[in-house]
Amino acid sequence: MPIDEAEERLRVGPPADHAAGLPAVRLSVTNAVRRMGIVKATRNLLALNQVDGVDCMSCAWPDPQGKRHTAEFCENGAKAISWEGVRETVEPAFFAAHSLEDLAGRTDHWLEAQGRLIHPMVRRDGGTHYEPISWDEAFALVATHLNALDGPDEAVFYTSGRASNEAAFLYQLFARAYGTNNLPDCSNMCHESTSAGLAATIGIGKGSVSLQDLHEAELIVVSGQNPGTNHPRMLTALETAKRNGARILAINPLPEAGLLRFDNPQKARGLAGRGTGLADELLQIRSNGDLALWQAIGHLLLQAPGAVDRDFVDRYTTGFDEWERHARAVDRAAVLAATGLTWSQIETAAAMLAASKRTVHCWAMGITQHHNAVATIKEFVNVALLQGNIGKPGAGLCPVRGHSNVQGDRTMGIWEKPPAWFLDALGAEFGFAPPRLPGHDAVDAVKAFRDRRAKVFVALGGNFVAAMSDTDVTTAAMRDATLTVQVSTKLNRSHVAAGRTALILPTLGRSEQDMTGGKVQRVTVEDSMSEVHASRGRSAPAGPLLRSEVDIVCGLAAAVLGDRHGIPWASFTVDYDRIRDRISRVVPGCADYNARISDGGFTMPHGPRDSRTFPTPQGKAVFTVSPLVVLEVPPGRLVLQTIRSHDQFNTTIYGLDDRYRGIRSGRRVVFINALDLAELGFADGDMVDLVSEFSDGVERRAARFRLVSYDTPKGCVAAYYPETNPLVPLDSQAAVSGTPTSKWVVVRLVVSGT
Ligand SMILES: Nc1nc2c(c(=O)[nH]1)N[C@H]1C(S)=C(S)[C@@H](COP(=O)(O)OP(=O)(O)OC[C@H]3O[C@@H](n4cnc5c(=O)[nH]c(N)nc54)[C@H](O)[C@@H]3O)O[C@H]1N2
Ligand SMILES: Nc1nc2c(c(=O)[nH]1)N[C@H]1C(S)=C(S)[C@@H](COP(=O)(O)OP(=O)(O)OC[C@H]3O[C@@H](n4cnc5c(=O)[nH]c(N)nc54)[C@H](O)[C@@H]3O)O[C@H]1N2
Ligand SMILES: [Mo]
């Protein structure tokens with residue numbers, strides 16, 4: 001990946017001790033006006049997250065019920081909507097002037113900063129440039145390729161979590177009617193471990209809380225999450241909970257600003273001071289120490305008077321005795337080695353849990369992107385079950401999702417391993433026999449292209465090449481595809497590292513008015529707390545040729561399938577209510593879909609949350625036993641975690657600053673403990689290359705990072721993604737979920753250029 005020249009101006013200052021406040025408001029508004037102009041900025045920002053407004057695309061945090069603020073958005077939501085609403089457009093002339101080779105030499109930031117894609121483009125086999133193509137010809141080209149494959153499993157249909165429920169439902173229908181379950185999505189790299197861990201224990205792969213539960217909690221545990229940057233509106237909920245008397249326990253290797261204090265920009269009081277203190281305790285745990293920590297906490301809770309909800313355990317769970325035996329025998333030395341904490345710190349945490357009758361457990365990527373992520377999540381569940389913290393007000397499990405509709409996409413059937421009942425319902429509704437073999441997840445998809453078992457890649461959004469692990473392997477694999485099709489809003493690495501024939505199909509963003517079929521259409525999304533609601537774009541589309549995702553999926557499906565199975569693709573584009581009628585008959589919990597979203601939305605059913613019914617094979621919630629494995633790091637090596645800066649959305653780099661961590665004008669930094677610097681013979685400011693070491697014997701390298709002395713546990717370093725993705729081996733995956741271990745990469749540092 002090319003390196004930004006601006007990196008030369010990289011400056012490092014002290015990290016912030018609190019999040020948001022006045023700078024956040026000022027930045028979000030000036031940014032929006034600069035990118036969109038004042039009229040569009042005002043219209044878009046005021047519609048964000050309002051009833052009948054635009055659902056923010058920056059994260060999956062829910063909107064408050066009832067009264068909302070006039071400005072119901074955060075700094076990063078404003079960035080996301082401004083980034084979509086930019087005035088710049090990428091015309092066909094741009095592609096005539098820039099060959100693929102030229103584009104390959106540009107940075108990710110530069111590519112996206114060119115503006116909105118507005119014309120369908122094709123790179124023909126052997127061509128050096130993208131050229132314009134008509135929609136009809138583009139659809140026909142896809143049909144020719146897909147219908148010439150030896151079998152439907154040679155095609156892969158990827159989805160990024162921004163797609164609406166309507167687009168996602170039709171897209172999986174298209175893939176399955178074509179004949180494959182090859183439906184990898186960004187969840188495979190994100191919360192897949194959560195879905196696996198929760199399904200195995202409480203019977204449903206989704207969180208069990210509402211916003212109100214956070215407000216009413218006595219204790220909120222925030223593990224492996226940086227809400228100040230990635231879910232800023234969660235800070236408002238934490239602030240409310242604090243005001244109601246809650247305590248907060250943060251578990252994170254880094255003292256993230258948003259976990260420490262929050263200066264609420266929506267309150268006048270917040271504009272002046274340093275706001276509300278959030279975390280009462282911060283455990284600076286070593287990377288991947290969480291499984292050990294929660295086993296130790298379980299052990300201590302068994303001995304704490306009144307900490308166990310025996311009645312809940314007896315009535316609603318199974319497997320307790322075995323878990324108890326294992327928890328009582330926990331290996332203290334192993335816990336201390338894995339966590340890097342002292343026993344008394346762990347006792348403090350356990351005492352906070354013991355004292356709380358209503359605890360919410362929140363978590364994100366610091367938990368899910370590890371080798372034993374699924375086991376860790378099951379251990380959260382063990383402790384929640386032990387204390388009866390599921391299915392009562394103020395308590396529960398709260399995986400905090402990333403992409404704004406990643407949860408809804410899964411509900412709509414974007415899943416490479418669909419359950420049989422879903423396929424039965426889909427087949428019955430549309431009169432065909434869906435394929436039954438499980439499909440490829442994200443990692444398997446790369447391997448299938450690498451090994452030439454797959455040939456055509458279709459992406460509904462996202463930036464697969466940059467988001468995936470092992471960038472060099474992924475890039476080579478995708479370049480080998482006979483056809484890649486990207487439905488996109490902005491130019492990115494996946495358009496450059498494209499197949500031999502490559503299509504870019506430009507689409508409307510969520511903030512734009514969708515007039516498909518000649519009427520105003522709305523779409524729906526499901527947030528992290530299973531609330532489904534409508535989103536309606538307001539601003540004029542970036543270009544006259546743009547089509548909605550629904551329209552593009554229907555165009556592709558009609559061209560590829562013709563009238564196979566008699567699915568009325570064209571009719572869906574006339575009125576999205578027709579799609580929702582179909583969803584209501586296929587997806588449980590979606591009855592009366594159209595009526596209920598017109599009425600402000602609804603909550604998807606969730607047995608454990610609603611009635612303490614656990615849809616597991618045993619009919620009860622399941623205590624599970626996971627062996628405590630302490631991962632070894634060879635001498636002189638460090639564990640790298642790959643994280644987001646405050647100025648990016650996944651692979652979209654808005655700018656080169658990370659205000660909260662004291663970084664300006666650069667991204668190629670490695671945060672490292674001062675003791676490691678000294679031990680390894682380096683100093684703050686030195687330039688190094690990172691070399692990752694893995695059991696396959698391959699040494700992967702990423703060049704030119706500046707070392708930054710930082711408050712991170714000894715042995716644990718951090719650097720930004722996607723620059724570090726070349727270091728994550730494709731085979732380095734979480735057990736069971738297959739998620740790339742983006743938070744556990746063993747590296748050594750070498751002096752740059754040697
Ligand atoms: N502005 C903005 N918002 C976003 C995104 C974005 O890129 N920008 N991305 C969206 C998406 S798709 C997602 S999934 C979410 C991601 O939201 P987060 O999960 O908050 O994202 P990361 O930056 O990966 O942060 C991981 C956190 O886990 C901590 N951590 C790392 N390893 C461990 C560990 O072993 N144990 C513990 N306890 N903690 C650990 C890190 O120090 C860091 O604070 O945000 C969503 N929202
Ligand atoms: N090393 C490392 N790798 C990671 C992670 C990590 O923490 N560390 N995190 C992982 C996680 S949690 C995730 S979710 C994935 C993210 O993986 P993806 O979802 O694939 O990637 P994004 O960067 O969110 O995709 C950005 C692109 O989406 C397109 N886009 C934006 N809006 C729209 C829209 O409305 N419609 C359409 N069709 N396209 C749109 C634009 O063209 C933009 O360039 O990355 C994963 N990769
Ligand atoms: Mo994500």
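Yes or no: ILE251 closer than 29 Å to VAL622 by Cα and away from ligand 1 (no atom under 16 Å from the Cβ)? Full working, then the answer.
Details: closer than 29 Å to VAL622 by Cα: yes; away from ligand 1 (no atom under 16 Å from the Cβ): no.
When the stated conditions are applied, ILE251 does not pass them.
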Open item on the list: Tell me yes or no: at least one residue of the range 167-180 is within 16 Å of ligand 3 (Cβ to nearest atom) and either in contact with a Ser or Thr (Cβ under 8 Å, 6 or more places away or on another chain) or under 28 Å from LEU491 (Cα atoms) (or both).
Closed with: yes
Task: GLU192, sole failed condition from (1) within 16 Å of ligand 1 (Cβ to nearest atom); (2) more than 20 Å from HIS371 (Cβ to Cβ); (3) of a type in the set (D, E, K, R) - done: (2)
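So that you can scan it fast, the table gives a plain yes or no per residue for (1) not assigned by TED's automatic domain parsing to the domain that holds VAL446; (2) not aliphatic (A, V, I, L, M):
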| residue | (1), (2) |
| --- | --- |
| LEU173 | no, no |
| TYR178 | no, yes |
| GLU239 | yes, yes |
| ARG261 | yes, yes |
| GLY275 | yes, yes |
TODO: Only residues in the range 162-191 that are closer than 19 Å to ASP424 by Cα count as the first member; pair them with residues that are assigned to a loop (DSSP other than H, G, I, E, B) and at pLDDT below 95, Cβ under 7 angstrom, at least 6 apart or cross-chain, and list the lot.
DONE: none
TODO: Could you tell me whether ALA148 is surrounded by fewer than 24 Cβ atoms within 10 Å (Cβ to Cβ), without any contact (Cβ under 8 Å) to a residue 40 or more places away in the chain and under 19 Å from the mean Cα position of the chain (by Cα)?
DONE: no
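Among the listed residues ARG644, ARG661, ARG637, ARG701, which satisfies the condition of being under 19 Å from MET468 (Cα atoms) and either touching a Pro at 6+ places or on another chain (Cβ under 6 Å) or away from ligand 1 (no atom under 16 Å from the Cβ) (or both)? So that I can check it myself, show each step before the final result.
Working: ARG644 fails: either touching a Pro at 6+ places or on another chain (Cβ under 6 Å) or away from ligand 1 (no atom under 16 Å from the Cβ) (or both); ARG661 fails: under 19 Å from MET468 (Cα atoms); ARG637 fails: under 19 Å from MET468 (Cα atoms).
Only one candidate passes the filter, namely ARG701.
Would the range 362-370 turn up any residue that is within 16 Å of ligand 2 (Cβ to nearest atom) and either β-branched (Val, Ile, Thr) or assigned by TED's automatic domain parsing to the domain that holds ILE643 (or both)? If you could, list the steps in order and put the result at the bottom.
Within the range 362-370, the first condition is being within 16 Å of ligand 2 (Cβ to nearest atom), and the residues that meet it are 362-370.
Applying the additional criterion that residues be either β-branched (Val, Ile, Thr) or assigned by TED's automatic domain parsing to the domain that holds ILE643 (or both) yields 367-368.
Within the range 362-370 (the criterion being within 16 Å of ligand 2 (Cβ to nearest atom) and either β-branched (Val, Ile, Thr) or assigned by TED's automatic domain parsing to the domain that holds ILE643 (or both)), the answer is yes, since at least one residue qualifies.
Quick check, is LEU675 farther than 19 Å from ARG286 by Cα, touching a residue at least 12 places away in the same chain (Cβ under 8 Å) and among the aliphatic types (A, V, I, L, M)?
Values: farther than 19 Å from ARG286 by Cα: no; touching a residue at least 12 places away in the same chain (Cβ under 8 Å): yes; among the aliphatic types (A, V, I, L, M): yes.
Spelling it out, it is not the case that LEU675 is farther than 19 Å from ARG286 by Cα, touching a residue at least 12 places away in the same chain (Cβ under 8 Å) and among the aliphatic types (A, V, I, L, M).
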TODO: For GLY607, state whether it is modelled with pLDDT of 95 or more, farther than 21 Å from MET529 by Cβ and not basic (Lys, Arg).
DONE: no
- [ ] Go through (1) away from ligand 1 (no atom under 16 Å from the Cβ); (2) more than 21 Å from ALA196 (Cβ to Cβ); (3) in contact with an Asp or Glu (Cβ under 8 Å, 6 or more places away or on another chain) one by one and return the number of the condition SER404 breaks.
- [x] (1)
TODO: Could you grab the pairs with beta carbons closer than 7 Å, sequence gap of 6+ or different chains, first residue in the range 213-224 and in contact (Cβ under 8 Å) with a residue 40 or more places away in the chain and in the same structural domain as LEU254 (by TED's automatic domain parsing), second one crowded, with 23+ Cβ neighbours inside 10 Å and of a type in the set (S, T, N, Q)?
DONE: ALA217/THR359; GLU218/THR359; LEU219/THR359; VAL221/THR359
TODO: Filter the range 425-462 down to the residues that are farther than 21 Å from ASN147 by Cα and within 16 Å of ligand 3 (Cβ to nearest atom), then identify the one that is nearest to the chain's Cα centre (by Cα).
DONE: GLY462
- [ ] Within the range 49-63, identify whether any single residue is surrounded by 15 or more Cβ atoms within 10 Å (Cβ to Cβ), modelled with pLDDT under 90, at positive phi and outside the structural domain of ALA241 (by TED's automatic domain parsing), and answer yes or no.
- [x] yes
TODO: Identify, from the list VAL736, VAL745, VAL691, VAL698, the residue that is surrounded by fewer than 23 Cβ atoms within 10 Å (Cβ to Cβ), under 25 Å from the mean Cα position of the chain (by Cα), among the aliphatic types (A, V, I, L, M) and under 26 Å from LYS447 (Cα atoms).
DONE: VAL736
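The values are calculated or read from the model by the stated rules, or taken from the named source; none is laboratory data. Note that the structure is a prediction, hence the values are computed from the model and not measured. All Cβ positions, even for glycine, are placed from backbone atoms using ideal geometry, and neighbour counts span all protein chains on display.
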